[in-house]
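The values are calculated or read from the model by the stated rules, or taken from the named source; none is laboratory data. Please read all numbers here as calculations on a predicted model, not as lab measurements. Glycine also receives a Cβ, built like all others from the backbone with ideal geometry; neighbour counts cover every protein chain displayed. In case anyone asks, the SASA skips ligands and DNA or RNA and just uses the protein heavy atoms, side chains included. Shrake-Rupley method; radii C 1.70, N 1.55, O 1.52, S 1.80 Å.
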Amino acid sequence: MKISEIVKLLEAKVLCGEDKLDGIVHSACGCDMMSDVLAFVKEQAVLLTGLCNPQVIRTAIMMDMRCVVFVRGKMPSADILTLAEESGIVVLASEERMYTACGKLYVNGLAGGEIEHE
């Protein structure tokens, strides 16, 4: 799914990375616990979260994610956006609740991805 489609489906505001909206993501992860995100198979994914701190972007970088969506109207600070911009990560903000946002993406064809098991 193109990131631009995520913007439309979630009626999201693009906070940084407007030049990367044609990027493709193959799966999504909705989570506020970054330790759980680390168990997620990572490549070309979008992270949906209500947690609004720099650790979210650092986790997205580690997991090679393309896009972060802050749900429930959360607005990241300038330092979070700077870190995302420097790392090439698209940041979106949506008023949707996480459950609803994940559901909209899922029913429109974005898979949940796999979980790594030890």
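Please work out, to two decimal places, the log10 of the ratio I(q)/I(0) at q = 0.22, 0.23 Å⁻¹ from a Debye calculation in which every Cα of the chain carries one identical scatterer. The calculated log intensity ratios at q = 0.22, 0.23 Å⁻¹ are -1.29, -1.44.
On alpha-carbon atoms, Rg over Rh for region 23-92 using Kirkwood Rh?
Taking Rh as the inverse mean 1/r over Cα pairs, Rg/Rh reads 0.91.
With both labels modelled 7 Å from their Cα along Cα-to-Cβ, the residue 86 to residue 5 distance reads 3.3 nm.
Can you tell me the relative contact order of the chain? Whole percent, Cα pairs under 8 Å, sequence separation 6 or more.
Numbers: 238 pairs, mean separation 39.0, N = 118.
Reported relative contact order: 33 percent.
Roll a 1.4 angstrom probe over the protein heavy atoms and tell me the percent of accessible area of the chain that is carbon or sulfur. Accessible surface attributable to carbon and sulfur in the chain totals 51 percent.
Within the P(r) computed for region 2-49, what percentage of the Cα pairs occupies the region above 16 Å?
Numbers: 472 of 1128 pairs.
Taking all Cα-Cα pairs of region 2-49, the fraction more than 16 Å apart is 42 percent.
Which of the trypsin sites (Lys or Arg not before Pro) found in region 60-89 are loop residues per DSSP with 16 or fewer other Cβ atoms within 10 Å of their Cβ? Can you show the working numbers first?
Details: sites: 66, 72, 74; in loops: 66, 72, 74.
Sites meeting the loop and neighbour criteria: 72, 74.
Per DSSP helix of 4 or more residues, -39500 (n - 2.57); summed, then divided by the residues of the chain. What does that give at 222 nm, rounded to the nearest 500? Intermediate results must be reported in sequence, preceding the final value.
Details: 5 runs with 40 residues, N = 118.
It comes out at -9000 deg cm²/dmol, rounded to the nearest 500.
Available extension along the chain between residue 21 and residue 108 is 29.6 nm, counting 0.36 nm per residue and deducting the alpha carbon span. Accessible area per residue (1.4 Å probe, heavy atoms of protein chains only) ranks 102, 16 as 102, 16, with the largest value leading.
GNM on the chain, C-alpha springs below 10 Å: top fluctuator among 96, 18, 86? Of 96, 18, 86, the Gaussian network model singles out 86 as fluctuating most. The residues of region 7-118 have, on average, 54 Å² of accessible surface per residue, using a 1.4 Å probe with all protein chains present.
The lysine pair count for the chain, using Cα distances under 21 Å and pairs eight or more places apart or on different chains, is 12.
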